[in-house]
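Chemist: First the structure, then my questions, so here it is.
The values are calculated or read from the model by the stated rules, or taken from the named source; none is laboratory data. If you're wondering where the values come from, they're calculated on a predicted model, not measured in any experiment. Using ideal geometry, Cβ is built from the backbone for each residue, glycine included, and neighbour counts are taken over all protein chains shown. The protein model used for the area step is the full one, side chains on, heavy atoms only, and it has no ligands, DNA or RNA in it. Shrake-Rupley method; radii C 1.70, N 1.55, O 1.52, S 1.80 Å.
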Amino acid sequence: MKRSNISENVIHRLPRYLRKLEDLAAKGEKRISSEKLGQQMGLTPSQIRQDFSCFGEFGQQGYGYNIDSLSKEIGHILGTYQDYSAILVGAGNLGGALIKNLDFIIEGYRFLGAFDVKPELIGTDIAGFPVYDYATVADFIRENKVDIAILTVPKDMAQAVTENITGAGIRAIWNFTNKELDVGDSGALVENIHFSDSLLVLTYHLSEKDEERK
């Protein structure tokens, strides 16, 4: 099956599978069946088998899945072995928290540093990563052929920053600005992270439970 034919729902489940398999491996588990994996993830065994079949045959009848092998296969599918490079633009509270709490090397990316406009941040470091002057970001992207920008700037600056970094050659944006970005004809990919969406999904399920009790 061509990757372009694979649904976004399947793609969004792949990181969940990877996290679960890594957790199981850390506990010393060697193999797991689709039934047990489904029970632990809240998915049906048929859904799991169908998802994996989009990319090949990874399990064995009567054995299940080798956790280490399957984890590596999903990692390759997700591109975690491609050595993509990343920067962060907007090194304030949210940006700083992301740098401190995400292990970019383990996640499969070379994190090269952060950029900001605030004089008090420029020239410092966060968790060992340098904070550069935002005025230099376009040249930095071109010189280092940066693949991904993590955007944590204020909402009113988001579009101008997007135009600057896509014009310099950024190929993908992980967008935390809560604003829909226009990447023009740059071809840059955008993954939007809306924290409010997750909260609203949570309150939806909470209200469902309240309705059931009535």
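Chemist: Determine whether residue 56 is in contact with a helix residue (DSSP H, G or I) (Cβ under 9 Å, 6 or more places away or on another chain), farther than 20 Å from residue 171 by Cα, loosely packed, with under 12 Cβ neighbours inside 10 Å and of a type in the set (Gly, Ala, Ser).
Modeler: Numbers: in contact with a helix residue (DSSP H, G or I) (Cβ under 9 Å, 6 or more places away or on another chain): yes; farther than 20 Å from residue 171 by Cα: yes; loosely packed, with under 12 Cβ neighbours inside 10 Å: yes; of a type in the set (Gly, Ala, Ser): yes.
Yes; evaluated as a whole, the condition is true for this residue.
Chemist: For residue 140, indicate whether it is under 22 Å from residue 91 (Cα atoms) and within 17 Å of the chain's Cα centre (by Cα).
Modeler: On the way: under 22 Å from residue 91 (Cα atoms): yes; within 17 Å of the chain's Cα centre (by Cα): no.
No: the conditions fail for residue 140.
Chemist: Which one of 17, 65, 81 is farther than 30 Å from residue 118 by Cα, of a type in the set (Phe, Trp, Tyr) and open to solvent by 80 Å² or more (accessible area, probe 1.4 Å)?
Modeler: Sole residue among the options that is farther than 30 Å from residue 118 by Cα, of a type in the set (Phe, Trp, Tyr) and open to solvent by 80 Å² or more (accessible area, probe 1.4 Å): 81.
Chemist: Now for a different question. Please tell me if residue 88 is closer than 23 Å to residue 172 by Cβ and open to solvent by less than 40 Å² (accessible area, probe 1.4 Å). Outline the logic, then answer.
Modeler: Values: closer than 23 Å to residue 172 by Cβ: yes; open to solvent by less than 40 Å² (accessible area, probe 1.4 Å): yes.
Considered against the rule, which asks whether it is closer than 23 Å to residue 172 by Cβ and open to solvent by less than 40 Å² (accessible area, probe 1.4 Å), residue 88 comes out as yes.
Chemist: For the range 38-52, indicate whether the set of residues that are closer than 30 Å to residue 166 by Cα and not β-branched (Val, Ile, Thr) is non-empty. Show your work before the answer.
Modeler: Taking the range 38-52 first, the residues closer than 30 Å to residue 166 by Cα are none.
There is no residue in the range 38-52 that is closer than 30 Å to residue 166 by Cα and not β-branched (Val, Ile, Thr).
Chemist: Just need a number here: residues in the range 142-157 that are crowded, with 22+ Cβ neighbours inside 10 Å and either assigned to a helix (DSSP H, G or I) or of a type in the set (S, T, N, Q) (or both).
Modeler: Summing the residues that are crowded, with 22+ Cβ neighbours inside 10 Å and either assigned to a helix (DSSP H, G or I) or of a type in the set (S, T, N, Q) (or both) in the range 142-157 gives 1.
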